[in-house]
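**Student:** Dropping a structure here in structure tokens format, bear with me for questions.
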Amino acid sequence: MWQPEERASSDLATLRESLVFAERRAATLAELTALMSEGRDPLALAQRSVELTARATRAAGAFVYLWDAAAERLVLQVGTEGWQRAHLGRIQLRMGEGITGWSALMRQTVVIPKDHLKDPRSRPFPELHESSFKSMIAVPIVAPGEEVLGVFSLYAPTEDAFTSTDVNLASEVGSLLASGLIQAETVNQLRIQSAAARFLRDLPDEAWGSLRQCLHSMARQCALHLEADVCMIELATDRAHPQGATTAIVTAQRFRDEHGVHTPDEDLDRGCLAQLLEPLSMQRLRIPLAAAAPIGAVTCYRLRPFTAEDELLLEAIGTQAAAGVLSLSGTDRIRPAVSQLLSAPDPAVTQRLLRRYGWQAQPASAIVLRIHPAATGEPADQDDDRVRAALVDVFGAGNRNFLLLGGQGHYLALAEGEPASREPLIRRISDLGRRPRMRLTAGIGPAVSAPDQAHAAIQQALVASQWAELAASGGSTVVRYEDVAHLRQLPSTALEMSAPLKTLLDALGAVARYDLDNGTDLAQTLDALLANSGSVTETSSELFIHRNTLRQRIQRIEELIGQSPEHFEDAVIAGLAARLISRARKQPRR
């Protein structure tokens, strides 16, 4: 038993340690808050966050992965001093890949007290010398609207290095980073945001008198920066009509003189502009305002081609313009309709939004759809007018009622949900995905008949769309919610099976390599054998081979893996492993 003096001494030491940490925490958060108030570059803010948090928690390494929407990867962008700094921008993870990707996908903080490389979710990068670390924390950087901006991680060379207070501090820093990064939206914009830093400052004071004046002034200044003949800024709104927008169009004086344009810029609309440009061979450059959650678009036209530098400049201007518009109008007023509906908290809000956008209560199916860059690296068809026209043909076939919201590759639709019309609708969406430069993923919610069911239908379409993105492998993918509803427990089950499955996959890798080297089908044979519960008769019949041929193949598999494929310890995991290597064998080599 401790003596009273010893207990008092221990309590005093614990109190002192708590006070020291509290001081470090306060100093860390105070400095980061001050940096944010100074308007520091988000990457510089992330770098300083890494340094301060590593010092406060006594971590040996700290890193920030940021989500690159264009590459659809988490990219290592910031790190503490050391050999890992040489790999910034090179290490990339898919959403859900590795412990870092899992933290981002699940939007959960992960604490690994020891042997983090043995965790079934681990995705090692030998070049990062991760074996020198024993414990880690991974904190998702999540924006208020639940959008994942990246992951903040800490590493230590000892086991059980991080206390609950360390975890809390890392979470607080992650929240601060989210606030600092949200203004930039994408990693590409972070890199070049200084390119147009003076854009808003150079607007005349009178530009801030109204939204329309502001848009016209921005369009005029944008045309000057890009040396464009015509510049159009479109701002989506959530007002009476779902496709309503505020549009500002300006034309250069030289263009007006050369082409005899007498209509004042204030009176030009999209229809007039289309007629004006139709006979001309104009080059066009278009980018969204705030790429990650578009609130509109800016489009420039001129005769000579636009360069990559022009595109970067316009992206930077678009970021600044979006910030200016939001400061003038407010985020709730401008937030895209798709974002509002997908994040609606309850059926009442969903119904109110749908009525605002003109949807009449009727049986309907919800569709969440996204246009992706082509698998070959060719850009997706991001001409919003052309994409929207194609979607109108899909959802409005046969003059059916529908609601279509969104733009810049992200769409939400409600289409008539009669049982007889649902399957033809799904076929039309699939056919659209087979067009050149039209790779898409789509989630189809169940048909609903009551207005108060629309909220659940939209959320279920969103879930199906997320499964479609997970299943996509370079082509278009359409997923019905009812086909994946029973898979809700699959991620947790897969994690439980991950360790033995990985061990078995390593062993079966010899079978896959043998097939690749010799042009055989042992992986397919093993898959069929396990699927038929080890029955030689049924397997040989399914594969259209003689039983003796099947026996020879089984013997070869046994030689390769060192055990009989008819006597695996866990038949379920063995069957899954065989299916995985069989599918991998069928995939084209790249």
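The values are calculated or read from the model by the stated rules, or taken from the named source; none is laboratory data. Note that the coordinates shown come from a computational prediction; the quantities given were computed from them, not determined experimentally. Note that each Cβ is placed from the backbone with ideal geometry, even for glycine, and that neighbours are counted across all protein chains shown.
**Student:** When you go through (1) closer than 30 Å to Ala457 by Cα; (2) modelled with pLDDT of 85 or more; (3) surrounded by fewer than 14 Cβ atoms within 10 Å (Cβ to Cβ); (4) of a type in the set (S, T, N, Q) one by one for Thr493, which number turns out not to apply?
**Tutor:** Exception for Thr493: condition (2).
**Student:** Also, I was wondering about something else. Of (1) at positive phi; (2) assigned to a helix (DSSP H, G or I), Gln460 satisfies all except one. Which?
**Tutor:** Failed condition: (1).
**Student:** Here's something else I'd like to know. Say whether the condition of being of a type in the set (D, E, K, R), modelled with pLDDT of 80 or more, under 27 Å from Ile573 (Cβ atoms) and touching a Phe, Trp or Tyr at 6+ places or on another chain (Cβ under 9 Å) is met by at least one residue in segment 469-478. Quick ask: steps written out before the conclusion?
**Tutor:** Kept after step one, since they are of a type in the set (D, E, K, R), are these residues of segment 469-478: 469.
Narrowing the set further to residues that are modelled with pLDDT of 80 or more leaves 469.
Within this subset, residues satisfying the condition of being under 27 Å from Ile573 (Cβ atoms) are 469.
Filter once more, keeping what is touching a Phe, Trp or Tyr at 6+ places or on another chain (Cβ under 9 Å): none.
So far as segment 469-478 goes, no, none of its residues is of a type in the set (D, E, K, R), modelled with pLDDT of 80 or more, under 27 Å from Ile573 (Cβ atoms) and touching a Phe, Trp or Tyr at 6+ places or on another chain (Cβ under 9 Å).
**Student:** Next up: Output the number of the condition that Cys300 fails; it satisfies all remaining conditions of (1) at pLDDT below 85; (2) part of a strand (DSSP E or B).
**Tutor:** (1)
**Student:** Has segment 337-355 got at least one residue that is touching a Gly at 6+ places or on another chain (Cβ under 8 Å), buried (at least 21 other Cβ atoms within 10 Å of the Cβ) and at pLDDT below 80?
**Tutor:** For segment 337-355, residues touching a Gly at 6+ places or on another chain (Cβ under 8 Å), buried (at least 21 other Cβ atoms within 10 Å of the Cβ) and at pLDDT below 80: present.
**Student:** Which pairs turn up if I take residues in segment 207-232 that are under 16 Å from Ala322 (Cβ atoms) and aromatic (Phe, Trp, Tyr) and look for partners that are modelled with pLDDT of 85 or more and part of a helix (DSSP H, G or I) with beta carbon separation below 8 Å, at least 6 apart in sequence or on another chain?
**Tutor:** Going by the 8 Å Cβ cut-off, the qualifying pairs are Trp208/Cys214.
**Student:** Does Val572 fit the bill of being out of contact with any helix residue (DSSP H, G or I) (no Cβ under 6 Å at 6 or more places or on another chain), β-branched (Val, Ile, Thr) and not assigned by TED's automatic domain parsing to the domain that holds Ser473?
**Tutor:** So Val572 passes the test.
**Student:** Mind checking whether some residue in segment 136-157 is of a type in the set (Asp, Glu), surrounded by fewer than 18 Cβ atoms within 10 Å (Cβ to Cβ) and at pLDDT 80 or above?
**Tutor:** Looking through segment 136-157, none of the residues is of a type in the set (Asp, Glu), surrounded by fewer than 18 Cβ atoms within 10 Å (Cβ to Cβ) and at pLDDT 80 or above.
**Student:** Then there's this: Could you tell me which of the residues Arg55, Arg7 is basic (Lys, Arg) and modelled with pLDDT under 70?
**Tutor:** Arg7
**Student:** Pick out the one residue from Asp527, Asp521 that is touching a Lys or Arg at 6+ places or on another chain (Cβ under 7 Å) and modelled with pLDDT of 85 or more.
**Tutor:** Matching residue, one of Asp527, Asp521: Asp527.
**Student:** If you take the residues of segment 361-378 that are modelled with pLDDT of 85 or more and touching a Lys or Arg at 6+ places or on another chain (Cβ under 8 Å), which of them is nearest to Leu462 (Cα to Cα)?
**Tutor:** Applying the filter and picking the extreme gives Ser365.
**Student:** Here's another thing I want to ask about it. If a residue has to be within 16 Å of Leu177 (Cβ to Cβ) and modelled with pLDDT of 80 or more to count, how many in segment 72-87 make the cut?
**Tutor:** Number satisfying all stated conditions: 6.
**Student:** Being over 30 Å from Asp119 (Cα atoms) and over 22 Å from the mean Cα position of the chain (by Cα) narrows it down to one of Ser449, Ser476, Ser498, so name that one.
**Tutor:** After applying the criteria, what remains is Ser449.
**Student:** Among (1) surrounded by 11 or more Cβ atoms within 10 Å (Cβ to Cβ); (2) hydrophobic (A, V, I, L, M, F, W, C); (3) without any contact (Cβ under 8 Å) to a residue 60 or more places away in the chain; (4) not in a loop (DSSP other than H, G, I, E, B), which single condition is Ala274 missing?
**Tutor:** Tallying (1) surrounded by 11 or more Cβ atoms within 10 Å (Cβ to Cβ); (2) hydrophobic (A, V, I, L, M, F, W, C); (3) without any contact (Cβ under 8 Å) to a residue 60 or more places away in the chain; (4) not in a loop (DSSP other than H, G, I, E, B), Ala274 fails exactly one: (1).
**Student:** Are any residues in segment 398-420 at pLDDT below 80 and either surrounded by 15 or more Cβ atoms within 10 Å (Cβ to Cβ) or outside the structural domain of Arg355 (by TED's automatic domain parsing) (or both), and if so, which ones?
**Tutor:** Answer for segment 398-420, where residues must be at pLDDT below 80 and either surrounded by 15 or more Cβ atoms within 10 Å (Cβ to Cβ) or outside the structural domain of Arg355 (by TED's automatic domain parsing) (or both): Gly407, Gln408, Glu416, Gly417, Glu418.
For every residue, the table says whether it meets (1) out of contact with any Ser or Thr (no Cβ under 9 Å at 6 or more places or on another chain); (2) part of a helix (DSSP H, G or I); (3) touching a residue at least 40 places away in the same chain (Cβ under 8 Å).
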site: Arg422; (1), (2), (3): no, yes, yes
site: Leu425; (1), (2), (3): no, yes, yes
site: Asp431; (1), (2), (3): yes, yes, no
site: Met438; (1), (2), (3): no, no, yes
site: Thr441; (1), (2), (3): no, no, yes
site: Pro446; (1), (2), (3): no, no, yes
site: Asp452; (1), (2), (3): no, yes, yes
site: His455; (1), (2), (3): no, yes, yes
